[in-house]
Amino acid sequence: MTRPVIGVIGNARLVESRFAAQLVGDNNLRAITEVAGALPLMFAGSPSLTDIPDLLDTVNGVLLTGARANVHPSHFNTEPHPKHEPYDEDRDAVAMPLIRACVERGLPVFGICRGFQEMNVAAGGSLHPEIRELPGRMNHRMPRLENGEIHPDLEVVFADRHDVRLVPGGTFARIFGRDVIRVNSLHGQGVLELGEQVVAEGIAEDGTIEAIRFKDAREFALGVQWHAEHDPQTNPVNRALFQAFGDAVRRHKNSR
């Protein structure tokens, strides 16, 4: 095997309202194959199916994808509410210890949207279920038509919508070669309190945290709130992230 292997967390879904399944979006797999230059390997977001030590002995990196379900608020001492469902507690039970294990082992880990939020919670932080409800915040959710339906044009849904200011000289600024980038926005939940083990390196125009890194990680341990898996083949920001992730997993593969 010449290519490194990146484990991609699955998301619980019911197919035809009755068949339990674990799903991963095609864009995540293509970003890994076509941009990171690695082999994607989906693993179940369920503690009864995924053994973390065995997984980490198999892969050279982990991608924590976005998902429809929110992180359960019990992980940051907040009561759940039906209007913020669905939750995926099985994925929570895998993702939280997995993130900590990746950082401890020096195995590259990349979190996108929900994965970014999981990283903050795993680092001791908290989330707000509807970031747009905070004073001065914009609506970060995906664009909708006047009748409330999701916009049918994916180019509109995934269009760049706001700037993110990066810490000058930080990890993200070095990856992108600049201090300001423009990104898409498709989330309701967002970082409320930053975890003690992570550093915020990207802030949106309204103050929303958009990019974090684990400050004591030996290798790539980054998270972004936007959907970086969208069109990294041509989007320079998203391409740079997956290329940097690919470089990190190759370093890990070569060190074994």
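The values are calculated or read from the model by the stated rules, or taken from the named source; none is laboratory data. None of the values given here were measured: they were computed from a predicted structure. Counting neighbours? That spans all protein chains shown, and the Cβs are built from the backbone with ideal geometry, glycine included. Just so you know, the surface numbers come from the protein's heavy atoms only, side chains and all, with ligands and any DNA or RNA stripped out. Shrake-Rupley method; radii C 1.70, N 1.55, O 1.52, S 1.80 Å.
At-a-glance table
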read-out: Near pairs, Cβ below 8 angstrom, 6+ apart or cross-chain, from region 89-102 (acidic (D, E)) to any residue that is in a helix (DSSP H, G or I) and crowded, with 22+ Cβ neighbours inside 10 Å; value: D92/E118
read-out: Test: residue in region 130-149 that is among the basic types (K, R), within 24 Å of F245 (Cα to Cα), touching a helix residue (DSSP H, G or I) at 6+ places or on another chain (Cβ under 9 Å) and open to solvent by 50 Å² or more (accessible area, probe 1.4 Å); value: no
read-out: Residue match in region 152-165 (condition: modelled with pLDDT of 95 or more and open to solvent by less than 60 Å² (accessible area, probe 1.4 Å)); value: yes
read-out: Where F116 falls short, out of the listed (1) over 24 Å from V24 (Cβ atoms); (2) at pLDDT 90 or above; value: (1)
read-out: Residues (part of a loop (DSSP other than H, G, I, E, B), charged (D, E, K, R) and within 19 Å of H162 (Cβ to Cβ)) located in region 184-207; value: E205, D206
read-out: Exclusive hit being of a type in the set (A, V, I, L, M) and part of a helix (DSSP H, G or I), set A228, A217, A244; value: A244
read-out: Strands (runs of 3 or more DSSP E) wholly inside region 1-74 that include at least 1 residues being open to solvent by 10 Å² or more (accessible area, probe 1.4 Å), more than 29 Å from T234 (Cβ to Cβ) and not acidic (D, E); value: 11-15, 19-23
read-out: Filter result for G207 (at positive phi, surrounded by fewer than 18 Cβ atoms within 10 Å (Cβ to Cβ) and of a type outside the set (D, E, K, R)); value: yes
read-out: Within region 193-204, considering residues that are touching a residue at least 40 places away in the same chain (Cβ under 8 Å) and open to solvent by less than 40 Å² (accessible area, probe 1.4 Å), the one nearest to N60 (Cα to Cα); value: V198
read-out: Output for region 210-238, where each listed residue is open to solvent by 10 Å² or more (accessible area, probe 1.4 Å) and under 15 Å from the mean Cα position of the chain (by Cα); value: R213, F214, F220, H227, E229, H230
read-out: Criterion (touching a Lys or Arg at 6+ places or on another chain (Cβ under 7 Å) and under 27 Å from E133 (Cβ atoms)) met by exactly one of Q197, Q189; value: Q197
read-out: Positions within region 76-102 being modelled with pLDDT under 85, open to solvent by 80 Å² or more (accessible area, probe 1.4 Å) and assigned to a helix (DSSP H, G or I), in sequence order; value: P82, K83
read-out: Conditions (1) modelled with pLDDT under 85; (2) under 18 Å from the mean Cα position of the chain (by Cα): number failed by L134; value: (2)
